[in-house]
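Visitor: Quick one: this structure, given as structure tokens, is what I'll be asking you about.
The values are calculated or read from the model by the stated rules, or taken from the named source; none is laboratory data. Computed from a prediction, not measured in an experiment: that's the story for all the values here. Because the Cβ atoms are built from the backbone with ideal geometry, glycine has one as well, and the counts that use them run over all protein chains shown. Just so you know, the surface numbers come from the protein's heavy atoms only, side chains and all, with ligands and any DNA or RNA stripped out. Shrake-Rupley method; radii C 1.70, N 1.55, O 1.52, S 1.80 Å.
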Amino acid sequence: MKRFKSLSCLCVVLGLLVFMTGCPKTANKAQPKGMVYYNFFDTVSNIYSYAGDSDEMFETNCEAVSAILEKYHRLFDIYYEYTGVNNLCTVNKNAGGEAVKVDEELIDFLLYARQMYESTDGEMNIMMGSVLKLWHDCRTAAGEAPQNARIPTEAELTAAAEHISWSALEIDETELTVRLTDPQTAIDVGALGKGYATEKAAQYLKSIGADGYVLNIGGNIRTIGTKPDGSGWATGIKNPQNPEQYVMSITISDISCVTSGNYERYFTVDGTRYHHIIDKDTWMPADYFSSITVLTPDSGLADALSTALFTMPYEQGMALVKKIGGVEVLWITPDGTQYRTEGYSKLSPQDFSADT
């Protein structure tokens with residue numbers, strides 16, 4: 001996560017980048033309000049309200065949400081440390097050393113991450129930092145000098161993969177300390193942190209009775225309630241082959257929608273494109289799908305599953321979805337084939353693939 005200058009603005013939202021015009025049952029006279037931030041999770045965050053709140057109430061709610069996002073951004077940052085807080089960067093730097101005293105919120109998150117690891121049969125593993133760093137460094141270097149682009153060697157990946165075990169992480173819930181016993185182990189929460197923080201913000205809004213809100217935290221969509229007329233929001237699913245277009249729209253309310261795709265972060269070496277979602281079994285970018293869209297009430301779970309399902313065959317993924325329950329998924333393969341869970345049809349999908 002890079003440092004960003006904090007910048008926000010209050011505006012009336014007439015058209016949304018991700019949310020497309022729906023067909024409400026009755027006209028909604030109140031124009032939606034929106035706030036945008038550029039300083040959380042290395043991405044753009046948007047907060048929208050369709051509830052007809054006063055400007056003062058909306059700004060107050062946005063300030064509370066931004067404070068939650070900032071808190072978790074700082075706790076989950078693996079690149080920078082901050083005054084007055086021990087975060088994951090601190091924990092990683094002290095790998096192999098003494099236990100680090102951390103905030104209770106970070107303990108809670110790490111316990112949740114372990115639960116996600118177990119629930120996804122090890123596919124969503126925040127302990128893969130040593131492997132992911134190799135790919136991150138190669139991607140960064142390729143951006144700076146494309147002529148020298150390379151991928152990690154098999155020897156590098158094999159060596160890094162020796163240091164991704166959960167057994168290296170000691171969590172003391174009583175003393176609120178965290179310790180990495182292996183000096184070469186590193187935590188990377190890119191597949192979970194943003195969704196977890198988004199859900200914390202959404203739960204806060206629900207706790208104060210806010211309704212008709214939409215959080216778009218770097219593409220992690222979380223809707224709270226419905227529009228005032230009871231309708232949902234139409235959101236587009238991008239075409240992995242041409243992200244400027246959509247393959248379909250779906251209508252959602254009071255749910256999270258998270259998509260992972262091979263078009264989001266990648267670099268090219270000798271004409272081959274390498275994306276950022278790494279298979280735990282091969283240590284290479286997973287090649288089963290071009291995109292996975294997950295819908296479920298918990299944004300943290302949606303974030304975790306969008307990565308986990310990307311790295312397993314469809315049959316295995318469907319079995320996992322059925323085991324967890326309460327999850328709808330759209331799989332899109334490299335050749336454009338789509339697979340959908342049975343309940344996906346309830347989201348009123350409108351297929352645009354014939355026009356793209």
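Visitor: Given the protein chains as shown and a 1.4 Å probe, how many square angstrom of residue 144 are accessible, to the nearest 10?
Guide: Number for this one is 150 Å².
Visitor: Test of understanding: what is the full-extension gain from residue 315 to residue 204, defined as 0.36 nm times their sequence separation minus their Cα-Cα distance?
Guide: That pair, residue 315 and residue 204, stretches by 36.3 nm at full extension.
Visitor: Report residue 229's accessible area, 1.4 Å probe, all protein chains in place, as a number in Å² to the nearest 10.
Guide: Answer for residue 229: close to 30 Å² accessible.
Visitor: Another question, then. So what is log10(I(q)/I(0)) for the range 209-334 at q = 0.22 1/Å, when the Debye sum runs over its Cα atoms only?
Guide: Debye output, listed in q order: -1.33.
Visitor: To continue, here is another question. For a test of understanding, tell me how many lysine pairs in the range 221-356 have Cα atoms under 26 Å apart, given they are 8 or more places apart or on different chains.
Guide: Here the count comes out as 9.
Visitor: Residue farthest toward the positive end of the dipole of the range 62-140, with Cβ of Lys/Arg at +1 and Asp/Glu at -1: which of 113, 90, 134?
Guide: Sorting the options by dipole projection puts first 134.
Visitor: Same structure again: Between 329, 47, 78, whose Cα lies farthest towards the positive end of the dipole of the chain when Lys and Arg beta carbons carry +1 and Asp and Glu beta carbons carry -1, centred on the Cα centre?
Guide: About the Cα centre, the residue reaching furthest to the positive side is 47.
Visitor: I've got another one for you. Using only the heavy atoms of the protein chains and a 1.4 Å probe, how would 181, 60 rank by accessible area, largest first?
Guide: From most accessible down to least: 60, 181.
Visitor: For a test of the definition: using alpha carbon positions, the gyration tensor, and the 1.5 limit on a/c, classify the range 50-127 as rounded, prolate or oblate.
Guide: oblate
Visitor: For the range 176-265, what percent of Cα pairs sit more than 19 Å apart?
Guide: 54 percent
Visitor: Longest span of the chain, sites excluded, free of trypsin sites (Lys or Arg not before Pro) in DSSP loop with at most 13 other C-beta atoms within 10 Å?
Guide: 151-356
Visitor: Something else about it: How much net charge surrounds residue 225 when only other residues with a Cβ under 10 Å from its Cβ are counted (Lys, Arg +1; Asp, Glu -1)?
Guide: The answer is 0.
Visitor: Also, I was wondering about something else. So which helices of the chain fit the span-like rule, where a helix is a whole DSSP H run, its Cα atoms reach 20 Å or more along the axis, and its mean Kyte-Doolittle is at least -1.0?
Guide: Helices passing the filter in the chain: 55-76, 104-119, 129-144, 193-207.
Visitor: How large is the direction-averaged shadow of the alpha-carbon convex hull of the chain, in nm²?
Guide: That works out to 18.7 nm², a quarter of the Cα hull's surface.
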